[in-house]
Amino acid sequence: MAKKTTTGKPLVADRRYKAAAAKPKAAPKKRRARTPHKRGLLGWLLLPFTWALGLIIRVTWKLGLAVAVLIACGVLYFAAQMPPIETLVDGRTRGSVTLLDRNGDVFAWRGDQFGGMITAEQVSPYLHDAVVATEDKRFYSHFGISPRGVASAVRINLSEGRGPLSGNGGSTITQQTAKLLCLGVPFDSGTWKNEREYEDDCRRTTLWRKIKEAIFSMGMEAAYSKEQILTIYLNRAYLGAGSRGFEAAAQRYFGKSAAQVNPAEAAMLAGLLKAPSSYAPTSNMQRAVDRANIVVGLMEDQGYITSEQAAEARARPAQLSQAAQARAGGYFADWVMEQGPDFFTRDTTEDVVIQTTLDQRIQTAAETALLSIVDAKLKPSSKAQAAVIVMSADGAVRGMVGGRDVRASGAFNRATQARRQPGSAFKPFIYATALDLGFSPNDLIDDAPLTINVPGSGPWRPDNYDHKFKGPITLTQALYESRNIPAILLSEDVGREMVRTVAQKFGIASDLAAGPALALGVSESTLIEMTGAYAGILNGGSAVQPYGLIDLRLKGDDAPLMDNTGSGLQERVIQQGAARQLTYMMSQVVARGTGTRAQIPGWELAGKSGTTNSARDAWFIGFNADYVVGVWMGYDDNSPMSGVTGGGLPAEIWQATMSRVVAGQAPKPLPLDVPGPSSRGGMLADTGIEADTEILDVLQNILGGLGN
């Protein structure tokens with residue numbers, strides 16, 4: 001057997017295993033014996049604290065995880081509940097009333113005005129940016145809440161001695177929108193008495209509400225885009241003067257859409273968000289401008305407008321529209337609101353438009369006339385009040401001022417609510433009765449001392465204002481000199497009940513006196529009643545129902561729900577001829593009687609003054625061919641005035657008003673008939689008239705001062 005020989009290099013496997021066999025194994029390492037850790041005194045002292053810290057860390061991250069899960073669930077829950085934004089932009093529980101003048105122009109608003117939905121993309125970019133710059137400059141970078149803003153607000157509140165949640169809230173626009181939505185809780189009349197109480201409850205600040213607000217805000221961020229959230233905010237925010245949303249506010253203050261406002265107007269609107277009532281330009285324009293300048297600075301600092309635009313906005317601040325600046329017809333608007341049903345006026349849940357009889361030119365004339373005379377003739381400390389009404393012959397009220405505060409609304413209206421004695425301003429209805437029964441303006445009547453026996457009270461001896469007696473005079477002279485004795489004699493001759501009937505049919509709804517003092521105007525009436533009654537004389541003898549509402553319709557509808565067109569004229573009270581004769585007699589009051597201060601050169605005018613006992617009330621009511629103007633003066637507490645008669649300051653206010661009303665117009669003749677000779681041969685005189693009823697104290701009220 002041949003011997004096996006090896007040649008060449010060994011196989012790889014042989015080399016691997018031979019090398020492994022040749023390498024000696026390393027000796028195993030010896031394990032060091034573990035000795036107890038020596039903590040030392042400090043270690044033992046810190047042991048409880050380190051253990052507690054570890055426990056806190058373990059519990060905190062688990063609790064934080066649980067809270068994060070709960071917040072996430074809350075956010076998802078609220079996000080899932082969010083409705084389409086179109087259902088959120090108008091959250092009013094009551095509607096609005098827009099009042100238009102006779103030409104269709106807006107002059108007043110009542111209720112909560114909503115101008116209609118306008119989106120963040122549709123508003124003026126200046127307004128869009130002004131709101132963001134003012135309310136939340138990090139709006140586009142946060143997730144609904146701003147931890148930095150909250151921390152800053154807490155620091156400010158604490159530094160100023162308030163609670164951490166009182167004062168500055170550090171709210172983002174999203175959080176403010178959440179508040180406007182009342183965190184998704186709708187208004188419930190069973191829970192809240194009214195919308196104000198509901199909104200106050202929504203604005204309450206508690207720790208739990210702030211937590212819910214934060215979660216709700218993040219839910220909004222999850223459900224809506226930033227522009228959608230801003231859209232809700234722009235439409236829901238209250239901006240003063242009854243305006244809900246920036247579209248309504250832009251229309252209310254500037255007479256234009258929110259899409260058209262310039263930088264100055266945008267800054268003023270955005271400035272309202274801080275305090276709508278305080279910064280409303282209709283309340284205090286200078287305060288509104290100062291606030292707007294701050295907003296302009298914020299817009300400039302944040303790069304929304306250039307330095308040139310900022311300078312222009314400061315140099316030319318926003319100006320109110322003509323209607324907003326005038327703030328005319330507040331008393332008139334309140335009165336018109338009473339003429340429609342409550343469910344379409346005071347308590348409306350709809351948006352209503354009312355066309356009225358108001359003439360803004362005439363309204364301004366009445367306001368400026370009253371103020372010009374009051375400011376010039378009364379002491380600054382005087383509390384005397386005045387009221388003015390301008391009315392067409394059919395009863396349509398063209399202007400109304402219910403007090404010296406001509407810009408007031410919701411205030412006591414002395415033109416419609418004050419019941420006062422008209423004094424001699426009542427006398428035309430005595431003469432109207434007589435003329436309708438066939439008397440002539442040239443008939444004679446005896447102005448002589450008169451005694452009337454009042455059963456149970458004794459003799460009553462009325463007097464004239466000047467304490468003089470002129471003997472036989474015409475009825476015309478008796479009226480233009482406002483003689484008391486002839487008025488009483490004539491009233492007794494034609495019959496008190498007849499005089500009462502004529503006056504009431506002309507629209508004086510008061511409970512008229514039953515005794516002979518009826519002739520001296522001791523029965524209380526209102527200025528609008530008296531002015532309406534005089535309109536009946538002007539129009540030829542037909543009664544009128546004073547009115548201000550022409551039609552009422554829902555906003556956007558063409559067909560009116562109420563239509564009062566032509567509703568002023570009522571039934572005929574006296575013959576047209578009698579009315580034209582009475583107009584002649586009353587024209588003499590202005591031409592040469594107690595109303596000469598009411599004269600306007602070139603114009604035929606008619607009227608009558610009235611002054612009550614101790615000048616507690618002073619009146620002048622008169623007319624030209626187109627308009628009746630009624631003026632009253634007095635104190636609200638019925639105190640006597642000093643040196644005031646109807647032919648004095650009231651006649652001057654009347655003249656100042658009528659002069660402005662007819663300015664630029666060609667004079668028109670009055671509808672009157674100049675009387676011929678008297679058809680009666682006799683003369684009315686004292687024949688020992690017995691008065692069947694009259695209370696002595698009422699009679700004493702008119703002694704010593706009634707007339708003029």
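The values are calculated or read from the model by the stated rules, or taken from the named source; none is laboratory data. Bear in mind that the values here come from a model prediction, so they are computed numbers and not experimental data. Positions of Cβ are backbone-derived with ideal geometry, glycine not excepted, and every protein chain shown enters the neighbour counts.
Suppose the filter is assigned to a helix (DSSP H, G or I), touching a residue at least 60 places away in the same chain (Cβ under 8 Å) and aromatic (F, W, Y); does Y465 pass it? For Y465, the condition - assigned to a helix (DSSP H, G or I), touching a residue at least 60 places away in the same chain (Cβ under 8 Å) and aromatic (F, W, Y) - is not met. Taking the conditions exactly as written (at pLDDT below 95 and either touching a Cys at 6+ places or on another chain (Cβ under 6 Å) or over 19 Å from R419 (Cα atoms) (or both)), does S642 satisfy them or not? It is true that S642 is at pLDDT below 95 and either touching a Cys at 6+ places or on another chain (Cβ under 6 Å) or over 19 Å from R419 (Cα atoms) (or both).
Would you check which residues across the stretch 204-220 are in a helix (DSSP H, G or I) and surrounded by fewer than 20 Cβ atoms within 10 Å (Cβ to Cβ) and list them? Listed by number, the residues that qualify are L207, W208, R209, K210, I211, K212. Consider S523 against the criteria (1) touching a strand residue (DSSP E or B) at 6+ places or on another chain (Cβ under 6 Å); (2) part of a loop (DSSP other than H, G, I, E, B): it satisfies all of them except one. Which criterion is unmet? Of (1) touching a strand residue (DSSP E or B) at 6+ places or on another chain (Cβ under 6 Å); (2) part of a loop (DSSP other than H, G, I, E, B), only one is false for S523: (1). Taken residue by residue, the stretch 105-114 has at least one member that is within 30 Å of Q360 (Cα to Cα) and surrounded by fewer than 20 Cβ atoms within 10 Å (Cβ to Cβ). Scanning the stretch 384-408 for residues being closer than 27 Å to T282 by Cα and modelled with pLDDT of 95 or more gives a total of 15.
Of all residues in the stretch 609-619, none satisfies being surrounded by fewer than 24 Cβ atoms within 10 Å (Cβ to Cβ), of a type outside the set (G, A, S) and touching an Asp or Glu at 6+ places or on another chain (Cβ under 9 Å). Of W619, W603, all but one fail to be part of a loop (DSSP other than H, G, I, E, B) and at pLDDT 95 or above; the exception is W603.
Just give me the residues in the stretch 375-393 being more than 22 Å from the chain's Cα centre (by Cα), buried (at least 19 other Cβ atoms within 10 Å of the Cβ) and closer than 26 Å to A323 by Cβ, in sequence order. Of everything in the stretch 375-393, those that are more than 22 Å from the chain's Cα centre (by Cα), buried (at least 19 other Cβ atoms within 10 Å of the Cβ) and closer than 26 Å to A323 by Cβ turn out to be M391, S392. Apart from one condition, R419 fits all of (1) surrounded by fewer than 16 Cβ atoms within 10 Å (Cβ to Cβ); (2) within 20 Å of T645 (Cβ to Cβ); the exception is (2).
Name the residue that is surrounded by the fewest Cβ atoms within 10 Å (Cβ to Cβ), counting only residues in the stretch 87-104 that are of a type outside the set (A, V, I, L, M, F, W, C) and part of a strand (DSSP E or B). So the residue we want is T98.
Where in the stretch 530-582 are there strands (runs of 3 or more DSSP E), lying wholly inside it, with at least 2 residues that are within 16 Å of D436 (Cα to Cα)?
Answer list for the stretch 530-582: 542-544, 569-572.
Of the residues examined, G647 is one that is within 25 Å of K379 (Cβ to Cβ) and crowded, with 19+ Cβ neighbours inside 10 Å.
Let's see how each residue does on (1) free of Cβ contacts under 8 Å to residues at least 24 places away in the same chain; (2) assigned by TED's automatic domain parsing to the domain that holds L183:
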residue: C202; (1), (2): yes, yes
residue: T205; (1), (2): no, yes
residue: R252; (1), (2): no, no
residue: G255; (1), (2): no, no
residue: A266; (1), (2): no, no
residue: Q286; (1), (2): yes, no
residue: V289; (1), (2): no, no
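The residue list D112, D101, D129 contains one member that is touching an Asp or Glu at 6+ places or on another chain (Cβ under 7 Å) and closer than 30 Å to K256 by Cα, which is D101. Within the stretch 301-316, the set of residues being of a type outside the set (S, T, Y), in contact (Cβ under 8 Å) with a residue 24 or more places away in the chain and either within 27 Å of G403 (Cα to Cα) or part of a loop (DSSP other than H, G, I, E, B) (or both) comprises Q302, I305, R316.
Looking only at the stretch 474-486, decide whether some residue is in a loop (DSSP other than H, G, I, E, B) and over 21 Å from R420 (Cβ atoms). Yes, there is a match, as at least one residue in the stretch 474-486 is in a loop (DSSP other than H, G, I, E, B) and over 21 Å from R420 (Cβ atoms). Just one of the listed residues (S424, S482, S510) is polar (S, T, N, Q), surrounded by fewer than 18 Cβ atoms within 10 Å (Cβ to Cβ), under 44 Å from the mean Cα position of the chain (by Cα) and assigned by TED's automatic domain parsing to the domain that holds G593, namely S510.
Residue-by-condition table, conditions (1) surrounded by fewer than 16 Cβ atoms within 10 Å (Cβ to Cβ); (2) at pLDDT 95 or above; (3) in contact with a strand residue (DSSP E or B) (Cβ under 9 Å, 6 or more places away or on another chain); (4) not assigned by TED's automatic domain parsing to the domain that holds T416:
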{"residue": "L272", "(1), (2), (3), (4)": "no, yes, yes, yes"}
{"residue": "A275", "(1), (2), (3), (4)": "yes, no, no, yes"}
{"residue": "S283", "(1), (2), (3), (4)": "yes, no, no, yes"}
{"residue": "Y304", "(1), (2), (3), (4)": "no, yes, no, yes"}
{"residue": "E312", "(1), (2), (3), (4)": "yes, yes, no, yes"}
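In this structure, does R483 turn out to be of a type in the set (D, E, K, R) and at pLDDT 95 or above?
In short, yes.
Residues in the stretch 514-531 that are within 38 Å of the chain's Cα centre (by Cα) and touching a residue at least 24 places away in the same chain (Cβ under 8 Å): G521, V522, S523, E524, S525, T526, L527, I528, M530, T531. Does A153 meet the test of being of a type in the set (G, A, S) and either within 23 Å of C182 (Cα to Cα) or at pLDDT 95 or above (or both)? Against the criterion (of a type in the set (G, A, S) and either within 23 Å of C182 (Cα to Cα) or at pLDDT 95 or above (or both)), A153 qualifies. Restricting T87, T93 to residues that are among the hydroxyl-bearing types (S, T, Y) and more than 27 Å from the chain's Cα centre (by Cα) narrows the list to T87.
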